[in-house]
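A short write-up of the structure that comes next.
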Amino acid sequence: MSNHVAVTVRVNGVDREIEVDPRATLTETLRDRLGLTGTKKGCDRGECGACTVLVNGRRVLSCMTLAVTAHGAEVTTVEGLSSGGELHPVQRAFLENDAFQCGFCTPGQVMSAVACIAEGHATSDDEIREWMSGNICRCAAYPQIVASVAKAAAELGGAAR
Amino acid sequence: MSTATRETVAGRVGDSAVRPDAALKVRGEFAYSSDLFADDMLWGATLRSPHPHARIRSIDVTAALTLPGVYAALTHADVPGENRYGLDHRDQPVLAEDVVRYQGEPVAVVAADHPETARRALDRIAVDYQVLDPVVDAELAMAEGAPVLHPECPGGNVLRHVRIRRGDPEATAEVVVTGEYRVGMQDQAFLGPESGLAVPAEDGGVDLHVATQWLHVDQSQVAHALGLPPEKVRLTLAGVGGAFGAREDLSMQVHACLLALRTRRPVKMVYGREESFFGHVHRHPALLRYEHGADRHGRLVSVRAEIVLDGGAYASSTPAVVANAATLGIGPYQVPNVRMDCWGVYTNNPPCGAMRGFGAVQACFAYESQMDKLAERLGMDPVELRIRNAMREGSTMPTGQVVDSAAPVAELLRRVRDKPLPPPADPTDPRDLPGGVANTTRGDGVVRGVGYGVGIKNVAFSEGFDDYSTARVRLEVLGGEPVVSVHTAAVEVGQGLVTVQQQIARTELGIARVTVLPADTGVGSAGSSSASRQSYVTGGAVKAACERVRDTLCALAATRLGREVGLVDGKLVTADGAVAASIADVLGDEVIERTVEWRHRPTFPLDPLTGQGNAHTQYAFAAHRAVVDVDVELGLVKVVELACAQDVGRAINPQAVLGQIHGGSAQGLGLAVMEEIQVVDGTVRNPSFTDYLIPTIVDMPPMVVDVLELADPHAPYGLRGVGEPPTISSTPAIVAAIRAATGRALTRVPVRPDDIALAGSASRPVPSRPEVPCD
C-alpha cells in the first residue's frame, strides 16, 4: 500500500527490510509479516505479557510498540534465543521444571525472564515474583516459573548486573 | 540372551515424564490455533449484537460487500443446514434470526483480505434492532409472568430443576443456621483466544483446524449447521492456549466453515481479548439459600437448600451443571435428611456453561460458609465439625449412591490443619503485605486469618451419558527398533494428556519410543477434555488398546517361537524369566494395530421427583487451608499461603498433578477475591484484563501440597480425576480466612475491598488487631 513506510530492523540477528503500515504493531509485524508466531497476542493491549520481546536487549510489550519505532533496532524473539538447536538456559529451566501447561504465555514468560535475569532482578524469589508480574499465566504455573527463573539466574550468574 | 539385557524404560506411569510438546512450547514453535496460516487465506470477523435483548427487523450487508477486499458477508439466511447448535439442547442460532438474546450474540460474519478490512466491513452492516427489556434476574425470570425467552422450553425460563429428597425433608434439629450466598460470574480467561482455520476441500466438505475441548461434538454440531454429512467436516486439533471449560461450546467453528465454503478459500478467525469475553460461556452466577440443622454435638441432621443458577441466554451445559450443584450440593458430608432444589434458568445475561468445577464450585462456597457458621454457633472448631460429619468410603450420597472407593475427607482436613503455619509478615517489606509495592501499609491495620474448605467433585460424565473414549495403538519396527504410535481424538489443553498417553503406552508395552499422533476426527471420539475425565477415560482406552496389541504380539511370538511368552520390559520373555526374543525379531515387517472403545462403569439418571440414582462414576476430594493477611482499613487481601491435600488415586505424572493443584487453587483464589464479569442490565462492563483481574505471579501464594494415592479399584491404575477438585475448595477456604481476620459475614464472592472496609457491611465485631507488629 502507498502509505506504508520502509523499516529496517535486525530480527534474531538477521537484517530485515520491510514496508509496514505505520499503525502496525511490532506483534502483528513479527507474526503476520515475518512469520515469527512464537510471539503471542493474548490481549493486544499490554495487559498479559504474552507478546514480550527484547528490543535492543530490553523487554518490551510488542503489542504496545509500533513496528516503525523499531527502525534501526535489534529485536530478539523467542525463536532467536536458542543457538544451534541448543535451548537457552531459561528455556531449559522452563522445560525441566514444567513451568507451563498450555504454554501460550511461555514465549513471553521466557523473554521476560531472560531480561529479568539480565537486569539483575532475579536475586530472590520475592524479587523474581515482583519483576515477572507483568506476565500472566492462567494455568498458574507460577511456582515453577519462579523456580525456573531462579535456576536459570544461578546458571547465568555472570549475566546479572 | 539373558535377563541382563532387559531394562525398564523411563517415562512410565508414576514418573514425572517431560511433556513431549515441551521443547516446542519453550521454543515458541508450538502451533496454536491463532498461529495457523494458509496461502491465499482470508480473515473472518463477526458482527455481534450490542443489545442483550432485541428483535431484529432487518439486516443489510450490501454496503459491506461493496468494500474492496471483502469476499463474503453472511447472515442466518446463508446457513445451509439447521441454524441451531448446542451441547445439550440445540437452542442457539449460528447467526441470529429474528431475536438476539444476549449482548455479543453473533449476527453476521464477513471474510476479507485483511483483518482491518474485515473490521471495517462489519461497520458497514446495517442491523435494525427493536430493543426489548432484558430479563436479567434469574429469580425474576422464574416467576409467573416473566417474558419467556425460549418459547419451545417446556418449563418457561426454567431449563432444568433437580429435586433431591433424602430421609425426612422436614426433619427438625436442635441447632439451625441459615444463610444466603451469591457467586459472581467467573470467566475462564484462557490466554489463547478462540481461533481456527477452515479450509474448503475438493469434495465439497471442509477441514477445520481449531482449538477446542471435544473434536467430535464440534464435528457433529458443525456438520448439522452446514447441512453436510459428518465425514465431510474433518477436524484437526490445533494448539490450545488453555480451555478450563470455555472451549466445550462452539465459538467460531461454524462461522469459519461457512465463510470458507462460500469463498472457496481458507478462512482464519481469531478473536481479540474483548471479543473473547463475548465468545464463550462463563461460570454460572448463583444464588444459594441454605439451612443446616445439627444436634448439639455438631452432628448434621439436615440440610435444606435452594440454588438458582443463571444460565444466561442459551442452554449450553446448564442442565449438567444443575445436576452437579444439586447432587454435590451438601458437600462431602454425611447428612441423613436432605431437601435440595436446584434450578437452571434462562435470562438475557451472557450464556453460562462449563468452567472448571462445574456446579460444584458455587455450592461449595455456600455449604462451607454454612459449616463455618454452624461451628461458630456451636462453639466448635471448624475443622473438628467437618471431620465429625465427613463422608468416608461406604457413605451414602443424598442421591442414595454409596461411595464405593476411597473418600478420605477427614484425612485431607487433618493434613492441611496440621501443616505448620507460615511466619508473620515482615512489615518492613511491602511485598509481604496487602497492597504490595503500592506501599499502602507498613503493617498497621493488617490482621491475619486462617480458614478451611473441603470439596467434592464427580469425575467424568454422569446421569447415564454414554461416556467413552477411543484409542488406536500401532506397533511396528522402524530402523530395527520397536515404535508405538497412539492415535486418539483426545484434546491436550495443557493438562498433560499427551504425556499421560505416552506414559501408559510405555508402561504397558515397555517400549521407549512412543509417538502421540495429532488429535483429529480420523479416529473415534475421545469425549471431552473436561470433568477431570481424560486420564481416566482416554487413559483407560489407551491402556486397553495397548493390552490388545500386547496380546496379539504374544500370540504371534508363541506361534513363531513355539512356546508361550509374555511381554516384559519390551522383551518377549518365557515363564522362567529368560528373554526369548526381541520385538523386532518377532514382528519383522508386520504391523500390529488395535483400536479400542473404552467406557467407565455406567451411570444412571436421577429420579425426577426424588433425585435418587447412581448418577456419578467416581468422586474426588480436596481440602485447603488458607492463610491471609487483610488490611482491614483498605479492604486489601494478601493470600499468604495455601495448603492443599488431595487424593488422586494414583499420580500418573506427579509433576503434572502438582501443576493441576497449583492451577486449580489459583483459579479458586481468583473467584475468592478478584474475578468477576460485571454484568449490568445484561451488559458486560469489564471485558478486558485491565478490568477483569486474574491472579498474577504476585497474587499466587506459596503452596504446601500433600498428594494422597488411595487407589480406586474401578479406575485404570487406580487413578482419580485431578483437575477440578483444587478449584473448588480454595475459594471457601480463602473467604473463611478473611472472615476470621475481619469478622465480616462475606456472603458473596468475589469479596471486594468494600465488603471488608465499609462499616455498613459488618455483621460481627472485628477481632483484636493488629497482630502484625507496627514499626
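Under unit Cβ charges (Lys, Arg +1; Asp, Glu -1), what dipole magnitude, rounded to 20 debye, does the stretch A:46-161 have relative to its Cα centre?
Computed charge dipole of the stretch A:46-161: roughly 140 debye.
Taking all pairs of different Cα atoms in the protein assembly as shown, averaging 1/r and flipping that mean, what Kirkwood radius in angstroms comes out?
Roughly 28.9 Å, rounded to one decimal.
So, how do all the Cα-to-Cα distances of the stretch B:175-276 break down into 10 Å bins, in percent, from 0 on up?
Here the calculated profile for the stretch B:175-276 is 15, 43, 22, 9, 6, 4, 1, 0.
In a solvent-free Debye calculation with one equal scatterer on each Cα, what is log10 I(q)/I(0) for the stretch A:89-156 at q = 0.14, 0.21, 0.24, 0.28 Å⁻¹, listed in the order of the q values?
Relative scattering, expressed as log10 I(q)/I(0), comes to -0.30, -0.72, -0.97, -1.37.
How would you order B:148-155, B:363-370 from highest to lowest mean count of nearby Cβ atoms within 10 Å?
B:363-370, B:148-155
Helix-only mean residue ellipticity at 222 nm, the protein assembly as shown, DSSP H runs n ≥ 4 weighted -39,500 (n - 2.57), per residue, nearest 500. What is it?
-7500 deg cm²/dmol
Answer rounded, prolate or oblate for the stretch B:381-504, using the Cα gyration tensor with square roots of eigenvalues a ≥ b ≥ c: rounded when a/c is under 1.5, else prolate when a/b is larger than b/c, else oblate.
Taking the square roots of the gyration eigenvalues as a ≥ b ≥ c, the stretch B:381-504 is oblate.
Based on the mean of other Cβ atoms within 10 Å per residue, sort peptides B:609-622, A:12-25 so the most packed one is first.
Peptide ranking by packing, descending: B:609-622, A:12-25.
With labels modelled as points extended 7 Å from the Cα through the Cβ direction, what inter-label distance (nm, one decimal) is found for residue B:421 paired with residue B:231?
For the pair residue B:421/residue B:231, the computed spacing is 6.8 nm.
If you take the charge dipole of the stretch A:5-80 about its Cα centre, with +1 on Lys and Arg Cβ and -1 on Asp and Glu Cβ, which of A:53, A:67, A:8 is farthest toward its positive end?
A:53
When Cβ neighbours within 10 Å are restricted to other protein chains, what is their mean count per residue of peptide A:47-57?
2
Dividing the alpha-carbon Rg of chain B by 2.2 N^0.38 Å yields what?
0.99
Take B:181, B:314, B:717 and order them by how many other Cβ atoms sit within 10 Å, fewest up front.
Listing B:181, B:314, B:717 from fewest to most nearby Cβ atoms yields B:717, B:181, B:314.
P(r) for the stretch B:309-375, please, calculated from all Cα pair distances in 5 Å bins and given in %.
In whole percents, the pair-distance histogram is 4, 18, 25, 23, 15, 9, 5, 2.
When the dipole is taken about the Cα centre of the protein assembly as shown, and only Lys, Arg (+1) and Asp, Glu (-1) are charged at their Cβ, what size is it in debye, to the nearest 20?
About 820 debye.
Just tell me how shielded B:238-245 is by partners: mean number of partner chain Cβ atoms within 10 Å of each residue's Cβ, no decimals.
4
Return a single number: how many Lys pairs in chain B, at a sequence separation of 8 or more or on separate chains, have alpha-carbon atoms below 30 angstrom apart.
Lysine pairs meeting the criterion: 11.
Taking the number of other C-beta atoms within 10 Å as the exposure measure, put B:214, B:598 in order starting with the fewest.
With the fewest neighbours first, B:214, B:598 line up as B:598, B:214.
Which of the helices in chain B meet the span-like rule: DSSP H, Cα axial reach of 20 Å or more, Kyte-Doolittle mean at least 0.0?
Those that clear 20 Å and a mean of 0.0 are B:534-561, B:654-673, B:725-742.
Given just the C-alpha atoms of the stretch B:22-166, how large is their convex hull per residue in cubic angstrom?
Expressed per residue, the convex hull around the Cα atoms of the stretch B:22-166 is 200 Å³.
Which number comes out as Rg/Rh for the stretch B:200-239 once both Rg and the Kirkwood Rh are worked out on C-alpha atoms?
Value, to two decimals: 0.95.
Among B:732, B:43, A:150, which residue has its Cα positioned farthest towards the positive end of the charge dipole of the protein assembly as shown, with +1 placed on the Cβ of Lys and Arg, -1 on the Cβ of Asp and Glu, and the dipole taken about the Cα centre?
Of the listed residues, the answer is B:732.
Take each of the peptides B:683-689, B:199-205, average the number of other beta-carbon atoms within 10 Å over its residues, and list them starting from the highest.
Highest to lowest by the protection proxy: B:683-689, B:199-205.
Among B:268, B:419, A:151, which comes first, then next, by fewest other beta-carbon atoms within 10 Å?
Placing the least packed residue first, the sequence is B:419, A:151, B:268.
Full-extension gain between residue B:88 and residue B:128, please, as 0.36 nm times their residue separation minus the C-alpha to C-alpha distance.
Separation in residues times 0.36 nm, less the Cα-Cα distance, equals 11.3 nm.
Report, in whole Å, the centroid distance computed from the Cα atoms of the stretch A:1-63 and the stretch A:112-140.
Taking the Cα centre of each part, the stretch A:1-63 and the stretch A:112-140 sit 22 Å apart.
Counting only other chains, and only Cβ atoms inside 10 Å, what mean value do you get across the residues of A:89-102?
For this peptide, the per-residue mean of nearby foreign Cβ atoms is 6.
With +1 assigned to the C-beta of every Lys and Arg and -1 to the C-beta of every Asp and Glu, and no other charges, what is the dipole magnitude of the stretch A:5-80 about the Cα centre in debye, to the nearest 20?
In debye, rounded to 20, the stretch A:5-80 gives about 220.
Decide, for the stretch B:354-422, between rounded, prolate and oblate: order the square roots of the alpha carbon gyration tensor eigenvalues as a ≥ b ≥ c, take rounded if a/c falls under 1.5, and otherwise choose prolate if a/b is larger than b/c, else oblate.
Judged from the Cα gyration tensor, the stretch B:354-422 comes out rounded (a/c under 1.5).
Readers should treat all values here as calculations from the given coordinates under stated rules, not as data from a laboratory. Predicted model, so just to flag it, every value in this text is computed and none were measured. Don't worry about glycine lacking a Cβ; one is built from the backbone with ideal geometry, like all the others, and counts go over all protein chains shown.
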